[in-house]
Amino acid sequence: MAVSSKPAILGGEPVTKIRIPFTKIILTDDEVHVVNNILKTKIFVCGRYTELLEREFARYVGTKHAIAVSSGTAGLFLSFLAFNITFNSKVVTTPLTFIASASTIIHAGAVPIFVDVLPDGNIDPNNVREVDDFDAICLVHLYGLPVDFDALSEIAKEKNIPIIEDASHAHGAEYKGRKVGSLGDIAVFSLYPSKIIAAGGWGGIITTNDDEIAEKIRLLRAHGELRVLIGAEGAYEYIRLGYNMRLSEVEAAIAYFQLRKLDAFVEARRKIARYLTELLSEIPGIRTPREPPNKKHAFYIYAIQIDPKVIGWSRDRFVEALNAEGISARKGYHIPLHKTQFFRNINDSNINYFARIIRYPDYSSMRLPMAEYLASTTVWLPLYPTMSYTEAELIAKAIRKLVDWGRRRADS
Ligand SMILES: Cc1ncc(COP(=O)(O)O)c(C=O)c1O
């Protein structure tokens with residue numbers, strides 16, 4: 001066997017000595033200049049960029065309202081509250097996501113009900129239909145691939161319950177020609193630095209067509225102060241329990257200039273994703289992401305599924321070996337939420353003070369085979385809008401090298 005084919009993790013030469021990062025934040029002079037200007041004007045909150053971001057984001061998504069908030073997590077929390085999803089409510093959601101999709105249900109006082117997912121990682125509407133009794137659906141467009149919305153919407157309509165879209169991964173994604181974020185009753189986008197567009201810190205944005213809900217959220221995000229509704233005369237008069245979950249001007253301005261590049265970012269991600277798929281599709285034991293004809297994938301994350309028996313590597317070792325080759329791959333959501341320590345111990349009031357008043361299901365005995373299978377076989381590959389074809393080729397080369405080695409080792 002040629003020395004060069006020996007995996008770097010076993011002492012061979014890496015495919016690239018210049019590490020390919022997992023992601024890259026793309027900032028231009030626009031963001032630098034606007035931050036400078038804000039520092040000069042010293043208007044740090046409630047300025048024109050928050051308004052501009054909200055107006056343009058609503059226009060982009062195609063909703064009546066967009067409301068900037070301090071994070072995606074805050075946005076989800078406020079969305080549940082706005083729909084009165086609180087004590088005694090149950091929310092169906094996916095276990096294959098970031099904790100915030102489910103922890104915010106708990107913050108609101110409600111109970112998450114996890115259902116299993118489809119092979120593409122998104123919530124399976126058939127499993128949602130089997131749940132007896134629930135009050136809302138919180139869906140996640142995982143990695144930027146829109147969920148099967150029509151089937152979920154049918155269930156929600158039958159039950160007369162709201163759909164909350166967690167669109168944190170899916171800025172610019174589309175379902176049947178409609179932008180994600182305009183599908184459900186309300187949607188939340190994260191603007192965390194790693195996301196498709198970022199706010200330069202924490203940030204989030206909520207979209208909805210519902211005037212009443214939008215007004216409630218504006219109140220909730222700003223202390224429940226009457227000022228939100230009637231201006232200065234309403235200062236220091238409070239009409240409901242509220243929070244301080246607004247976005248700062250610096251973050252809003254950065255997010256606004258990122259929004260102007262969103263279509264270009266998504267197109268660049270899609271182009272590289274297509275190329276990666278072309279390069280990887282012939283490699284045995286590697287399953288590349290699919291894009292059905294009625295969905296536009298935003299490719300926040302390019303996730304592949306590996307078959308450890310075919311490639312001759314366990315998933316965790318394969319990820320380590322890719323990193324040794326200079327490719328910053330990750331194992332992603334490798335523990336489905338119901339299997340995390342928090343959910344297994346959720347009824348312990350020392351780790352969840354809501355357990356003093358709420359009894360949660362026994363998540364530790366829950367079996368969700370597809371989510372568990374995906375969590376144990378997924379590999380997240382690097383992807384960012386400025387990735388070159390050469391970098392994509394290096395990623396594919398490293399994967400091919402490891403798979404060839406693993407298969408030969410299995411044969412010998
Ligand atoms: C699916 C999902 N939901 C919610 C969030 C929370 O967003 P944030 O980090 O802006 O609070 C994130 C991301 O970080 C996420 O990936």
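The values are calculated or read from the model by the stated rules, or taken from the named source; none is laboratory data. All values derive from a computational prediction rather than experimental measurement. For neighbour counting, all protein chains shown are included, and Cβ atoms are generated from backbone atoms with ideal geometry for every residue, glycine included.
Please enumerate the residues belonging to the stretch 24-57 that are among the hydrophobic types (A, V, I, L, M, F, W, C) and more than 18 Å from LYS261 (Cβ to Cβ). Lay out the reasoning, then the answer.
First pass over the stretch 24-57, keeping only residues among the hydrophobic types (A, V, I, L, M, F, W, C): 25-27, 32, 34-35, 38-39, 43-46, 52-53, 57.
Across the stretch 24-57, the qualifying residues are ILE38, LEU39, ILE43, PHE44, VAL45, CYS46.
Looking at TYR236, TYR256, which is the one that is over 20 Å from PHE80 (Cα atoms) and in contact with a Leu (Cβ under 7 Å, 6 or more places away or on another chain)? So that I can check it myself, show each step before the final result.
Values: TYR236 fails: in contact with a Leu (Cβ under 7 Å, 6 or more places away or on another chain).
After applying the criteria, what remains is TYR256.
Every residue, every condition in (1) among the small types (Gly, Ala, Ser); (2) in contact (Cβ under 8 Å) with a residue 60 or more places away in the chain; (3) closer than 30 Å to HIS33 by Cα, yes or no:
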| position | (1), (2), (3) |
| --- | --- |
| ASP185 | no, yes, no |
| LYS195 | no, yes, yes |
| GLY200 | yes, yes, yes |
| ILE205 | no, yes, yes |
| ASN209 | no, yes, no |
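LEU383 meets each of the listed conditions (1) in contact with a Pro (Cβ under 6 Å, 6 or more places away or on another chain); (2) of a type outside the set (Ser, Thr, Tyr); (3) surrounded by 20 or more Cβ atoms within 10 Å (Cβ to Cβ) apart from (1).
Selection of the stretch 10-34 for residues being surrounded by fewer than 18 Cβ atoms within 10 Å (Cβ to Cβ) and assigned to a helix (DSSP H, G or I) yields LEU10, ASP29, ASP30, VAL32, HIS33.
SER314 meets each of the listed conditions (1) crowded, with 17+ Cβ neighbours inside 10 Å; (2) closer than 23 Å to GLY12 by Cβ apart from (1).
Can HIS223 be described as farther than 20 Å from ARG48 by Cβ, within 13 Å of the ligand (Cβ to nearest atom) and touching a residue at least 12 places away in the same chain (Cβ under 8 Å)? No; evaluated as a whole, the condition is false for this residue.
In the stretch 53-73 there is no residue that is surrounded by fewer than 13 Cβ atoms within 10 Å (Cβ to Cβ) and among the β-branched types (Val, Ile, Thr). Here ALA136 fits the description: among the small types (Gly, Ala, Ser), closer than 30 Å to GLU291 by Cα and at pLDDT 95 or above.
In the set ILE217, ILE206, only one residue is assigned to a helix (DSSP H, G or I), of a type outside the set (Ser, Thr, Tyr), over 13 Å from the mean Cα position of the chain (by Cα) and under 24 Å from ALA253 (Cβ atoms); that residue is ILE217. Listed by first and then second residue, the pairs with beta-carbon distance under 8 Å, at least 6 apart or on different chains, first residue in the stretch 386-398 and more than 13 Å from GLY326 (Cβ to Cβ), second assigned to a helix (DSSP H, G or I) and not aliphatic (A, V, I, L, M), are TYR389/TYR275; ALA392/TYR275. Only residues in the stretch 161-178 that are on the phi > 0 side of the Ramachandran plot count as the first member; pair them with residues that are assigned to a strand (DSSP E or B) and more than 10 Å from the ligand (Cβ to nearest atom), Cβ under 9 angstrom, at least 6 apart or cross-chain, and list the lot. So the pair list comes out as GLY172/LYS179; GLY172/LYS296; LYS176/LYS295; GLY177/LYS296.
Restricting to the stretch 181-220, name every residue that is charged (D, E, K, R) and more than 16 Å from the ligand (Cβ to nearest atom). Can you show your working first?
Initial filter on the stretch 181-220 (charged (D, E, K, R)): 185, 195, 210-212, 215-216, 218.
The answer is ASP185, ASP210, ASP211, GLU212, GLU215, LYS216, ARG218.
Within the stretch 345-365, the set of residues being crowded, with 19+ Cβ neighbours inside 10 Å and in a loop (DSSP other than H, G, I, E, B) comprises just one member, ILE346.
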